Amino acid sequence: MADQKTYLSKEKHSELTKELAFLKGTRRGEIAKQLEEAKAFGDLSENAEYHQAREAQALVESRIRELEELLKSVEIVSHHTSTTVVVGATVTVEKEGEGDKKTYEVVGSEEADTKAGRISLNSPLGIAMLGKSKGDTFTFTAPSGKKVNYKILKIE
């Protein structure tokens, strides 16, 4: 994963950086305190509080490693105008034969939210659109297995 770039907006980068700082500072301290309190109850083999704290610790440490790895390969992108579809572009497409127009912002996987009109550059639609220009048509295979044809109407 270290060789693969992670595309994030400034806002998402800031959010993940804050989450990492919270986990490494505040949350680690809370769990350490829970572990100390649980140890005071005695026999650790049958100590539910201790085992719960250890599970929480494992989850936090896993998330910290995940965030650190993700943030190592970040490229900050901003919304910008381009003549081709790139990460950060907003693209209006029309499904062929239906006149169904949709507008999507092409984002990194961490920020994808199709309901909000934000599609991942790694999604089938995102992959098919990358590098295309206004007026281009393209076909991609939807997750349902159906081939879908689109035309790019506008790139912002």
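What follows draws every value from the coordinates through simple rules; no lab data is involved. Not measured: the values here are computed from a predicted model. With ideal geometry, Cβ positions are generated from the backbone for all residues, glycine too; neighbour counts draw on all protein chains shown.
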Amide H to amide H under 5 Å from residue 77: which residues, 5+ apart in sequence or cross-chain, H placed 1.01 Å off N in plane? 8, 9, 10
With angles folded into 0 to 90 degrees, how steeply does helix 48-72 sit against the dominant principal axis of the chain? Use alpha carbons for both and round to 10. 40 degrees
Please determine, in degrees from 0 to 90 and to the nearest 10, the orientation of helix 10-22 with respect to the longest principal axis defined by the Cα atoms of the chain, where the helix direction is its Cα long axis. 10 degrees
Could you pull out the chymotrypsin sites (Phe, Trp or Tyr not before Pro) across the stretch 13-102 that fall in loop regions by DSSP (anything but H, G, I, E, B) with no more than 13 other Cβ atoms inside 10 Å? 41
So who's got an amide H within less than 5 Å of the one on residue 118, skipping anything under 5 residues away but keeping other chains? H placed 1.01 Å off N, in plane. 105, 113
Total charge dipole magnitude, the stretch 6-76, about the Cα centre, Cβ charges on Lys, Arg, Asp, Glu only, Debye to nearest 20: 320 debye
On C-alpha positions alone, give me the angle between the axis of helix 28-39 and the longest principal axis of the chain, in degrees, nearest 10. 40 degrees
Which of the trypsin sites (Lys or Arg not before Pro) found in the stretch 1-58 are loop residues per DSSP with 16 or fewer other Cβ atoms within 10 Å of their Cβ? 5
Which of the listed residues, 77, 23, 44, is farthest toward the dipole's positive end in the stretch 1-84, when Lys, Arg count +1 and Asp, Glu count -1 at the beta-carbon? 77
Taking all pairs of different Cα atoms in the stretch 6-76, averaging 1/r and flipping that mean, what Kirkwood radius in angstroms comes out? 13.5 Å
Answer label, with Cα Rg over 2.2 N^0.38 Å calculated from the coordinates and candidates (i) 1.25; (ii) 1.11; (iii) 1.47: (iii)
Under the Karplus curve 6.51 cos²θ - 1.76 cosθ + 1.60, θ = phi - 60°, whole-Hz ³J(HN,Hα) for the stretch 149-156, x wherever Gly or Pro sits: 10, 10, 10, 7, 8, 7, 10, 10
With 21 Å as the limit, write out which pairs from 101/154; 10/151; 12/101; 12/146 have Cα-Cα distances beyond it, or answer none. 10/151; 12/101; 12/146
Label model pair residue 103, residue 156: point-to-point distance (7 angstrom along the Cα→beta-carbon line) in nm is 0.3 nm
Based on DSSP, what percent of beta bridges with both residues in the chain are antiparallel, to the nearest 5? 75 percent
Per-residue [θ]222 nm for the chain (sum of -39500 (n - 2.57) over DSSP H runs n ≥ 4, rounded to 500): -11500 deg cm²/dmol
Amide H within-cut-off set for residue 153, under 5 Å, with H built and near neighbours excluded: 92, 93, 94, 135
Using the number of other C-beta atoms within 10 angstrom as an exposure proxy, rank 71, 121 with the fewest first. 71, 121
